[in-house]
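Participant: One structure is given below, represented as structure tokens, and several questions about it will come after.
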Amino acid sequence: MQVEIAHYGYQRLRSLIFLEATTRRAVLTVEESPSVLRMGRRWEAFRARGTGQADLLFVAVNKTPFLTLSTTTVHVFLDGSSSEERAPDFVVHGSYHRDAMTVSDSGAAAVAQIGKKSTLWGALVGEHTYTVRVNPGIDQAFVLALTLILDQMHNVDHDPYYYHHSYRYR
């Protein structure tokens, strides 16, 4: 799978387009949503290149308290509703910087593990490598999308001239 990342708008919001490696056909689009009135950054995932409500697959909302660096909490809602009145369908929690993130379902059972491998070279050139373990029966593209959302939440691209780049994931 290949992922293209583009920045758009005056707020420099990001759009991630997941492509099949061989055909370059869009499989999933994940867009960062403006969070002017909402607490926490919000990401919306759509089928293929869709951006309408009918194509919405899930919403991921960063619930990490402001100025908290040791832990990360992201709530994932499968129906696209991120209402405070209901429990999320999945929760991503743990320490991003200590390579220990867990994806849990609504019953708090771990369904995937995400670890970030840190190397000196990676830190110097901005490359990020992840180890992801997905339990049987869990959609691997879903967990890959969550991994990239975490990457984008924690690694902001500050270069104003760099609006488009791509990554390869195997």
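Participant: Just for strands (runs of 3 or more DSSP E) wholly inside region 1-93: which have at least 2 residues that are modelled with pLDDT of 85 or more?
Facilitator: Here the list reads 26-33, 42-47, 56-62, 72-77.
Participant: Right, another one. Regarding region 99-118, can at least one residue be identified that is more than 12 Å from the chain's Cα centre (by Cα), over 19 Å from Thr72 (Cβ atoms) and at pLDDT below 75?
Facilitator: Within region 99-118 (the criterion being more than 12 Å from the chain's Cα centre (by Cα), over 19 Å from Thr72 (Cβ atoms) and at pLDDT below 75), the answer is no, since none of the residues qualifies.
Participant: If the Cβ limit is 8 Å and pairs must be 6+ apart or interchain, which residue in region 65-83 that is open to solvent by less than 30 Å² (accessible area, probe 1.4 Å) pairs with which residue that is of a type in the set (Phe, Trp, Tyr) and at pLDDT 80 or above?
Facilitator: Thr72/Tyr96; Val76/Phe58; Val76/Phe90; Phe77/Phe58; Gly80/Phe58
Participant: Do we find that Ser118 is of a type outside the set (Phe, Trp, Tyr) and open to solvent by less than 40 Å² (accessible area, probe 1.4 Å) in this structure?
Facilitator: No, not satisfied.
Participant: Follow-up question, since we're still on this one. Out of (1) modelled with pLDDT under 75; (2) within 15 Å of the chain's Cα centre (by Cα); (3) of a type outside the set (Gly, Ala, Ser), what's the single condition that is false for Trp121?
Facilitator: Here Trp121 clears every test but (2).
The values are calculated or read from the model by the stated rules, or taken from the named source; none is laboratory data. Note that this is a predicted model, so its numbers are computed, not measured. Every residue, glycine as well, gets a Cβ built from its backbone with ideal geometry; the counts of neighbours run over all protein chains shown. Protein only, heavy atoms only, side chains kept; ligands, DNA and RNA dropped before computing areas. Shrake-Rupley method; radii C 1.70, N 1.55, O 1.52, S 1.80 Å.
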